[in-house]
Amino acid sequence: MCSKRNLKHVAVIALALILTVSLLASLAVNAKRQKVEFKLPDTSTAETRTNRYTQYYKAAKLSGCHLTKEGFEKKLENDKLELWFREEIDSIRVVDKQSGYIWGELEKDTDEDLNDYYNSMANSILTLEYYDQENNNYQISLSDERFTNTYDFDAGNATMTCLAECEDVGIDIGFEIRLEDDHMTVAVTEDSLQEYGDNLLSKLYLLPFFGSTEQGAMDGYLFIPDGSGALMRYSATSEYASGYIARLYGPNASVDTVNADMNLLSKRTNDYLVSEYRATVPVFGVVHGDEQYAAMTVVEKGREYATVNAYLASSTIPYNWVSSCFEYRQLYSQPVSKSSTIQRPQAEANSMLPTISIYLLSGKDASYSGMALKYRSILEENGTLDAVAKSYEEIPLRLEVVASDVKSGFIFNGTETFTTVDEAKQMQTDLAAMGVNNLTMVMNGWQKGGASASKYNSYKAQRSVGTIKELAALRDAVQEAGGNFYLQTKILSMTKDQGRASYLAAKTIAKNLTNYHRDNNTIMYQDTYLIRPTTAVDALLTAADALSGFNLNTPMLGSELYSDYRQDGNTTRVKTRSLYAKAASEAAKSTGLAMSAPNVYMWKSCADYFDIPMMNSQFLFESDSVPFLQILLKGHINYYAPYANQGFYTTSCILKTIEYGAYPSFIVMGADNETLTKTPMVDYFSLNFEDWKDTIGTVYTKANAALKEVEGASITEHKPVADGVVRVTYSNGVRIYVNYNSVDCTVDGVKVPQLNFVVERG
């Protein structure tokens, strides 16, 4: 017998069934009356519209110069350039005589949309920032009435000099502008900087708004040296209040860990294997109308303390602008007790003579490709890129083999062996059978104690991996097959188990140990200590001697640049750079050095470039990734992409490898993946060679099919030719078309299949 509650439930269900049947019947009737079609949106180019790629964009033709020379007087001239000056606002115009285009700052003396800070800065050749006694920061520009400026023009030498004196602030400074063939140089003059009051100079800008454009005035973009290279395209609707601020050559870990531009420690948990990319070359630029007019700036001196600052126009500042900023002093946190700190500026100013060179380009040269080619020619002339890359019939592939590492134990730690020499030799044999002969093999963790616990500057082999003699036999086998062989040796870093950090590590300005800290207390080593620069260069030369006959992979040597604040004498970033470059040059005489994403000053000694950035840092204000670094390096230094089996092996990633001319990379081991637990290698979630062997063969075969055609050649142009389609032209006449779309495309009369490439021989 049913209860009243059950009867009520039955009634509700019956009513629902009646309504459903009625609705279905109604839909059936309506379907006869009208056919309804559902169409998915076209997503074939959705991925390529992101800032991971270079965008296809037809810039509007400029009607003429947006600046005039009205009110300015011509003061200097050479065969290619003219310098015009207006003393009332202490501002300049520069004329490119080849194109007739006029370069400068703002169109007007003042802009009501700018506050006093930016109005004084915008038309100024030079702008200073300084700290008062309370560490408040103030700004003053050359046009400020508190400055007394004395100018001199030497027409014969095409040189303009100025001494700017400001008794009110207590800072004097001098600079000169020189017209030198195809470029203009702006430099702070020697011994001109004087501080004689209570204020302390903090920052200096040279021509901060040179080449700036008003919001919506024209098409074009800013080029910045982020990662492989990045563009910030002008937009009339841009509302990015923040901009790009990056220190050239990366942060100074001995200062910047406590207070720095672009320091993400305060913004997110610091537990990432990879953070934002660094600016490894001292170059930036502006483009007015793509392939029409461009100004490329090279920071010549003061690079170690310079940042690149770039902003798109917004409601805050309605101008697109990019500039170098030279940091004489910065605030840092000084502990005053166990629980408290105070903010204070550096007592001594960084010693430097800030100098920039501005190159004016036009036509096809007025693009990111043109700027890269121009800067490459500069590096070739000064000897930074004087070598020619080793050329192969078939491209190489980097195979980093993890041999051993420390393993956490209940009472004592042990050593986990992941790959023996015999297993590494079998990997070479297996890959050779798949057509991969030119291996660039790197043995990581071959030392006694493993990758993270081997004693610093000790070069004994882990016997469970293999002896030095057995490693030498593996080296010979790899080289006889046409490849390269490296032993990985950490020169610049150590863990707490590798030595006494209090003795070996550099000191911060606050007298702490210089280190990188990860906010993850489940890992074995939260702190990686950075070695004293003077100790590191001794270790490099020791390693080159002790491991004679082996090439060395030296992570961090080319990419980390930091100070050392010791009681027995400071080592500045300038001195550190000099020490590293000199030691690497000496070591390179007897051994090949591979480096990971090295700064430009180390390129001369770099035999192989590992982990080259393949995109920008993907900041929201970045519109495009461009292969600026790759254009510089191709044909001079062989470079390799990041590990494919750590996220860089999708179809698009393989195509990006082909587009950028980079060799593929994998990191592997002989043991099962489970052995990575309780070791520092736990970050690498999948390394088993057998799991990846077929993928290695597939990736290599596809990349080799394209890139073997351009071995030994340099890139002469990189250009998007349609949405999601890029054409890369090489010095041997070969053109490679890459199609990232999920549909076939035809460009230049060449049909490029979907998600594929085509090689056109000259």
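Here are Ala387, Ala349: which of them is more than 30 Å from Leu207 (Cα to Cα), surrounded by fewer than 17 Cβ atoms within 10 Å (Cβ to Cβ), at pLDDT below 95 and not assigned by TED's automatic domain parsing to the domain that holds Pro680?
The match here is Ala387.
I'd like to verify a number: residues in the range 642-696 that are polar (S, T, N, Q), under 23 Å from the mean Cα position of the chain (by Cα) and part of a loop (DSSP other than H, G, I, E, B), how many?
Count: 1.
If the requirement is being in contact with a Phe, Trp or Tyr (Cβ under 9 Å, 6 or more places away or on another chain), more than 25 Å from Tyr57 (Cα to Cα) and either modelled with pLDDT of 95 or more or not assigned by TED's automatic domain parsing to the domain that holds Ala433 (or both), which of these qualifies: Pro680, Pro664, Pro720?
Exactly one of Pro680, Pro664, Pro720 is in contact with a Phe, Trp or Tyr (Cβ under 9 Å, 6 or more places away or on another chain), more than 25 Å from Tyr57 (Cα to Cα) and either modelled with pLDDT of 95 or more or not assigned by TED's automatic domain parsing to the domain that holds Ala433 (or both), namely Pro664.
If we keep just the residues of the range 540-575 that are β-branched (Val, Ile, Thr) and either in a loop (DSSP other than H, G, I, E, B) or more than 27 Å from Glu400 (Cα to Cα) (or both), which is farthest from the chain's Cα centre (by Cα)?
Ranking the candidates gives Thr571 first.
Provide a single number: the residues in the range 198-256 that are in a loop (DSSP other than H, G, I, E, B), at pLDDT 95 or above and hydrophobic (A, V, I, L, M, F, W, C).
Residues meeting the conditions: 3.
When the residues of the range 469-506 are narrowed to those that are among the hydrophobic types (A, V, I, L, M, F, W, C) and free of Cβ contacts under 8 Å to residues at least 40 places away in the same chain, which ends up nearest to Pro396 (Cα to Cα)?
Among those residues, the one meeting the criterion is Met494.
Among the residues that make up the range 318-331, is at least one of them more than 25 Å from the chain's Cα centre (by Cα), part of a loop (DSSP other than H, G, I, E, B) and modelled with pLDDT under 85?
no
Given the criterion more than 30 Å from Ala387 (Cβ to Cβ), at pLDDT below 95 and of a type in the set (Asp, Glu), identify the matching residue among Asp564, Asp519.
Every option except Asp519 fails the conditions.
Which residues, taken from the range 393-450, are among the hydrophobic types (A, V, I, L, M, F, W, C), without any contact (Cβ under 8 Å) to a residue 60 or more places away in the chain and part of a strand (DSSP E or B)?
Selection gives Leu439, Met441, Met443.
Can you find a residue that is within 25 Å of the chain's Cα centre (by Cα) and within 19 Å of Leu201 (Cα to Cα) anywhere in the range 354-374?
Yes; the residues of the range 354-374 include at least one that is within 25 Å of the chain's Cα centre (by Cα) and within 19 Å of Leu201 (Cα to Cα).
Would you check which residues across the range 154-170 are more than 15 Å from Ser192 (Cα to Cα) and surrounded by fewer than 17 Cβ atoms within 10 Å (Cβ to Cβ) and list them?
Asp154, Ala155, Gly156, Asn157, Asp168, listed by residue number.
Looking at His183 and the list (1) closer than 26 Å to Glu107 by Cβ; (2) touching a Cys at 6+ places or on another chain (Cβ under 8 Å), which single condition is not satisfied?
Going through the list (1) closer than 26 Å to Glu107 by Cβ; (2) touching a Cys at 6+ places or on another chain (Cβ under 8 Å), His183 breaks only (2).
Name the one entry in Asn149, Asn157 that is outside any strand (DSSP E or B), assigned by TED's automatic domain parsing to the domain that holds Glu77 and polar (S, T, N, Q).
Exactly one residue qualifies, and that residue is Asn157.
With respect to Ser742, determine if the residue is surrounded by fewer than 19 Cβ atoms within 10 Å (Cβ to Cβ) and at pLDDT below 95.
yes
Of the residues Ile125, Ile102, which is in contact (Cβ under 8 Å) with a residue 40 or more places away in the chain, surrounded by 14 or more Cβ atoms within 10 Å (Cβ to Cβ) and of a type in the set (Val, Ile, Thr)?
After ruling out the rest, the residue left standing is Ile125.
The values are calculated or read from the model by the stated rules, or taken from the named source; none is laboratory data. It should be emphasised that the depicted structure is a prediction, and the values quoted were computed from it without experimental measurement. As a convention, Cβ positions derive from the backbone with ideal geometry for all residues, glycine included, and neighbour counts pool all protein chains shown.
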